[in-house]
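What follows is a short report on a single structure.
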């Protein structure tokens, strides 16, 4: 009887359930499958990250230099009961008040806008001027001094008008702040603004910018929502007619662009409306030529997916916010994409964290996120429809369920895949289970319902012996053509492998 052992997990998510690569899966959630590719390490659970989440509505974050020449985590929310911007902060320490291990936020001086509706898309610190910049009223750039010594500048810079605005960045080659809005780039050179440093075609709007060597890479989506997206490379000096590169990014609205491992990687959403039978999230890369090449697509439900412009690059991986339906369930929260020598196109895609452990959130979804070291903050709308912020628990707590669902017939010999088979036994291996650790392994046959094959809770267990499948017992649906497996870990259980045994059923 053939036996299969799966013990490598760094290949990332794949859309095709019959992908034969053994280190890939349909989905992995709340597991670190990359740091140590031969084990699945659960992430700590999340807890309340804002005692005033429902009224403050924090949705964007940045690190900025405040009083006493100390850097702190700053959050953009609103003055309670209004749409006016308010900035609060946390100290980058633990063990004290209003720091990373509690849900309190400190109030700097002069931290509230005097009027207007703030945008949550722009929230960027520019060290050269010592200010944090945001946008309001579809017209103005506001400025906040994180030291608290200067008054809030409500109408710091007048853009005349804008419909769409995105996150800015300070380019390392010239120490100039670039802010994208509509089809234009504004720049701030040590306090001196130029509102139209670059103007792109008017049928496009800018969604994301990033550094690409000496260039500023600019992602543009079509205003109509139909047609191709375009990425431009700008040397930060030339006009539109002499731009260094114009890259066809293909169909879909590009939302996230970042340089990863020397390549430009862009993420686009096609659908999210009634014109599509199914939404598609497309991951593409570019290292040269006129077109981006497809890494892979994830296909979800019609008008149920979303992809936000929020992003953060850490150690050559870009993290972003997305919701998509995979393997019959909605997968929502913080995702990442980064290099992998064993994944499609050299990149692996992973669903890193859920917004609120195992608790479902409102359909309005997530709103923003930020990693401050190992602490992850996520702004979201909870099940009651209120704004909230979750943060990584400072205690080693693992109440959230970490999940991995395999591909169809993972690791099986290709000649056995089309035949009818009987699933004979299932087992798993672990690092020694902690006192509260638990692993549940489920399986399903031919697309049916996942059935629990065993639950392991034995302290210090490193292996669950093969659990036999009874022909007339709990697992009567153990005969079929296609097997899938689901691992669920709680209490800090680290999974090192899954194994199963099957028997081919010969036809007359």
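The values are calculated or read from the model by the stated rules, or taken from the named source; none is laboratory data. Predicted model, so just to flag it, every value in this text is computed and none were measured. Backbone-built Cβ (ideal geometry, glycine too); neighbour counts: all protein chains shown.
Please work out if residue 390 is over 25 Å from residue 259 (Cα atoms), under 16 Å from the mean Cα position of the chain (by Cα), modelled with pLDDT under 95 and in a strand (DSSP E or B). Against the criterion (over 25 Å from residue 259 (Cα atoms), under 16 Å from the mean Cα position of the chain (by Cα), modelled with pLDDT under 95 and in a strand (DSSP E or B)), residue 390 does not qualify. Kindly indicate whether any position in the range 103-115 is in a loop (DSSP other than H, G, I, E, B), modelled with pLDDT under 95, more than 19 Å from residue 374 (Cβ to Cβ) and outside the structural domain of residue 441 (by TED's automatic domain parsing). Checking the range 103-115: at least one residue is in a loop (DSSP other than H, G, I, E, B), modelled with pLDDT under 95, more than 19 Å from residue 374 (Cβ to Cβ) and outside the structural domain of residue 441 (by TED's automatic domain parsing). Among the residues of the range 300-329, those identified as part of a strand (DSSP E or B), buried (at least 16 other Cβ atoms within 10 Å of the Cβ) and more than 14 Å from the chain's Cα centre (by Cα) are 325, 326. Per the conditions (1) in the same structural domain as residue 149 (by TED's automatic domain parsing); (2) crowded, with 16+ Cβ neighbours inside 10 Å; (3) in a loop (DSSP other than H, G, I, E, B), the sole criterion not satisfied by residue 97 is (2).
Restricting attention to the range 38-48, the residues being part of a loop (DSSP other than H, G, I, E, B) and within 18 Å of the chain's Cα centre (by Cα) number 3.
Within the range 105-127, the residues that satisfy the criterion of being surrounded by fewer than 19 Cβ atoms within 10 Å (Cβ to Cβ) and over 18 Å from residue 73 (Cα atoms) are 114, 115, 117. Out of the range 283-296, which residues are within 20 Å of residue 329 (Cα to Cα) and at pLDDT 95 or above? Within the range 283-296, no residue meets the criteria.
When residue 433 is tested against the conditions (1) buried (at least 16 other Cβ atoms within 10 Å of the Cβ); (2) not in a loop (DSSP other than H, G, I, E, B), the lone failure is (2).
Evaluating residue 209 against the criteria (1) more than 20 Å from the chain's Cα centre (by Cα); (2) under 15 Å from residue 313 (Cβ atoms); (3) buried (at least 17 other Cβ atoms within 10 Å of the Cβ) leaves one unmet condition, (1). Listed by position, the strands (runs of 3 or more DSSP E) enclosed by the range 131-205 that each have at least 3 residues that are in the same structural domain as residue 118 (by TED's automatic domain parsing) and either surrounded by fewer than 17 Cβ atoms within 10 Å (Cβ to Cβ) or touching a helix residue (DSSP H, G or I) at 6+ places or on another chain (Cβ under 6 Å) (or both) are 192-199. Taking the stated definitions as given, is residue 360 surrounded by fewer than 22 Cβ atoms within 10 Å (Cβ to Cβ) and either in a loop (DSSP other than H, G, I, E, B) or at negative phi (or both)? It is true that residue 360 is surrounded by fewer than 22 Cβ atoms within 10 Å (Cβ to Cβ) and either in a loop (DSSP other than H, G, I, E, B) or at negative phi (or both).
As for the range 416-423, it holds no residue that is closer than 30 Å to residue 321 by Cα and touching a residue at least 24 places away in the same chain (Cβ under 8 Å). Checking the stated criteria, residue 16 turns out to be under 21 Å from the mean Cα position of the chain (by Cα) and over 17 Å from residue 487 (Cα atoms).
Exactly one residue among 376, 404 is more than 15 Å from the chain's Cα centre (by Cα) and assigned to a strand (DSSP E or B), and that residue is 404.
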